[in-house]
Amino acid sequence: MWRRSASFILDNQYQQQQQHRDLAKPDSLILSPPIIPSSSMAETLQNPNPNPNISAYYQTRAAHHAVVTSDWLAQAQAAIAREPNDLTVENSSHSGKPFSVIDEFNNWRKQPDLAEAVAAIRALASFIRSSEATTMMELEIELKKASDSLKSWDTTSISLTAGCDLFMRYVTRTSALEYEDFNSAKSRLLERAEKFGEISYKARRIIAMLSQDFIFDGCTILVHGFSRVVLEALKTAAQSGKLFRVFCTEGRPDRTGLRFSNELVKLDVPVKLLIDSAVAYSMDEVDMVFVGADGVVESGGIINMMGTYQIALVAKSMNKPVYVAAESYKFARLYPLDQKDMVPALRPIDFGVPIPSKVEVETSARDYTPPQYLTLLFTDLGVLTPSVVSDELIQLYL
């Protein structure tokens, strides 16, 4: 099946590497988070959440882009508060200090190019290594609690929840564990955790390679939002010598299009910045729409930044293909029936002028685009049609 070949190739390459790797010395470059001062993190975690009604996803953008000025670690404190028995184990690599999966997760998130779900996967792998459980049952129970703790950090994050769920399914899905001694079983568990982390980390590069056949010389691409996997695909196309131009929507209120256009300028790609309401006006110049996704749902539709749905509607009416780039760890067991059938992800909005108190402001951050408005999905599992997504979800969660 050609659409699965990319993931099979990656699997085979990884298995060959594992044969030459000493499991007693795990790769510190892959599973060791960047060192950051612990005192500043501890001080931050003591602060109450100033905006408990705003999704942590949008609060954390301040750490990387300085767009939303809010305490991006406040949600971690909220998650700890909801978990009275916070999951901690002694970690010898940190001078005997207790290991916290939330702290490890936030350490990984300091890397701006690392996806939130991948940071969670790396944190869970580190948790397995640091655990002092003495039986497989105890280790799996602790791992489940650690996963639940990460998911509660931001209940609105689709990729975070899906990434943790897929990690649990992938890592613990082996019947051979019950026939081995505990140390061997734990090593097997850690091996699978590392493999899943590496596969997830390489997903963006695989998607970029698969999308190249659809980006042709002289084309005009419309993008919406700041998707790192879409940026990687366009970067790969530019570095291979393809000539194309990109239309970026402004992406208010957090100016994602402006940031995306700045990145494209660094690659010497011709860019045109559009106000969000100029999509229909400019669509006749566009050859394709290329967007990322916060989550891919069972119907084959996507949940993404607000405005994606209306762009897809315009593109469909003008017979323009809509391509979606999304990693497989964003495949979620959700089936929204309409726009309101989702957990709301709220964001702060500043109009630049005072808003009367009697005026209601829509603060939802994302919308749902049904599968009939999408053409293809570029994933690390291959190039999929929306109708195939449900089959892939079954395979992933079996």
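The values are calculated or read from the model by the stated rules, or taken from the named source; none is laboratory data. Bear in mind that the values here come from a model prediction, so they are computed numbers and not experimental data. Positions of Cβ are generated from backbone atoms using ideal geometry, with glycine treated the same way; all protein chains shown enter the neighbour counts. Calculation scope for accessible area: heavy atoms of the full protein, side chains included, ligands and nucleic acids excluded. Shrake-Rupley method; radii C 1.70, N 1.55, O 1.52, S 1.80 Å.
Things to note:
- Taking 0.36 nm per residue of separation and subtracting the Cα-Cα distance, full extension of the segment from residue 316 to residue 245 would add 23.5 nm.
- Expressed as a whole percent, the accessible area of the stretch 310-398 that falls on carbon and sulfur atoms is 56 (1.4 Å probe).
- Of the two radii for the stretch 288-398, the radius of gyration is 1.04 times the Kirkwood radius, both from the alpha carbons; that is the Rg over Rh value.
- Taking GluC sites (Glu not before Pro) across the stretch 341-397, the ones in a DSSP loop with at most 12 further Cβ atoms lying within 10 angstrom of their Cβ are 360, 362.
- Just the protein heavy atoms count here, and of the accessible area of the stretch 232-303 at 1.4 Å, carbon and sulfur take up 50 percent.
- Pairs from the list 151/330; 272/316; 144/186; 235/272; 202/320; 235/266 with a Cα-Cα gap above 18 Å: 272/316; 202/320.
- Computing FRET efficiency as 1/(1 + (r/R0)^6) for residue 133 and residue 346, where r is the C-beta to C-beta distance and R0 is 35 Å, gives about 0.40.
- Point-to-point label distance, residue 360-residue 172, nm (Cα→Cβ direction, 7 Å offset): 4.2
- Couplings 3J(HN,Hα) of the stretch 104-114, computed from phi: 4, 4, 5, 5, 5, 5, 5, 7, x, 8, 9 Hz, in residue order, whole Hz [Karplus 6.51 cos²θ - 1.76 cosθ + 1.60, θ = phi - 60°; x for Gly and Pro].
- Förster-model FRET efficiency, 22 Å R0, residue 184 and residue 144, C-beta, rounded to 0.05: 0.55
- Using the 1.4 Å probe convention, the accessible area of the stretch 110-178 works out to 35 Å² per residue with neighbouring protein chains retained.
- With contacts taken as Cα pairs under 8 Å and at least 6 residues apart, the stretch 110-235 reaches a relative contact order of 29 percent.
- In the stretch 337-377, trypsin sites (Lys or Arg not before Pro) in a DSSP loop with at most 10 other beta-carbon atoms within 10 Å: 340, 358
- Of the trypsin sites (Lys or Arg not before Pro) in the stretch 210-269, the ones in a loop by DSSP (not H, G, I, E or B) with at most 15 other beta carbons within 10 Å are 255.
- Binned Cα-Cα distances of the stretch 168-249, short to long, each 10 Å bin given as a whole percent: 15, 33, 17, 16, 13, 5, 0
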